[in-house]
1. What are the ³J(HN,Hα) couplings of the range 50-62, residue after residue, when phi is run through the Karplus curve with 6.51, -1.76, 1.60 and θ = phi - 60°? Round to Hz, x for glycine and proline.
2. Give the peptides 163-174, 87-98, 42-53 in descending order of average Cβ contacts within 10 Å, highest first.
3. Could you tell me which residue out of S77, T91, Y62 lies farthest along the dipole of the range 62-102 toward its positive end? Charges go on the beta carbon: Lys and Arg +1, Asp and Glu -1, centred on the Cα centre.
4. Once you place label points 7 Å from the Cα toward the Cβ at K50 and K109, how far apart are they in nm?
5. For F157 paired with R96, estimate the spin-label separation in nm (one decimal), with each label point 7 Å from Cα along the Cα-to-Cβ line.
6. Could you sort out which of K61/K86; K61/K107; K53/K86 sit more than 19 Å apart by Cα distance in this structure?
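Derivation of every value follows stated rules applied to the coordinates shown; laboratory data play no part. Just so it is clear, the structure is predicted and the values come from calculations on it, not from any experiment. As a convention, Cβ positions derive from the backbone with ideal geometry for all residues, glycine included, and neighbour counts pool all protein chains shown.
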Amino acid sequence: MMNSKHNRNKNNRNSGKRGKKPHFNRQKKGSGNRNYRGNRNRPRLSEWDKLEKSYMILMEKYLHARRKYFDNFYKASGEQLKSLEKNFYRTLDEVRKFEEEVPEQFKEKFEGKGNKEALDLIYSENHQIEPFPEVTPIPEEEIVDPHLLTTQLQADFKEDTEESSGTMDDYKRYKGL
């Protein structure tokens, strides 16, 4: 009669054995179709389509990272927040680098494609406001500082040649503090 320890080991294949565990899903050497070369009939993308597809993938990554960063900004802390921020800025840099490295032959088409968000002009159209008004320069003399007192505006310090000197103690003595 066998002891219970022996029976336990007999039921458990790997107990007590040293070495590799059995791999049941491993393919045997020499099996498989050596003649398989992929789907040759799949449609090939043009250079423009490849460019557009890779840009859209980068934009999806960026938008996902941006959403995660701003959604979790007040929830996350410490290392998790640093990781989210690092991922956000890394994807932003990838998008910017991609936009800079667009081949010359596609630059015009890429910029005209409308990859940027369209401007929201509904408010300006409803209120008959020109969306891009002309900027007229204002002369420096006409700019009034709202923080100055009227006495400061009226005072003329051009003739004042006295230099400020003294310590904080002198100032406190002068003010009576």
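1. 5, 4, 5, 5, 5, 5, 5, 5, 4, 5, 4, 4, 5
2. Result, highest mean Cβ count within 10 Å first: 87-98, 42-53, 163-174.
3. S77
4. 1.3
5. Here the answer is 4.0 nm between the modelled labels.
6. Table pairs above 19 Å Cα-Cα are K61/K107; K53/K86.
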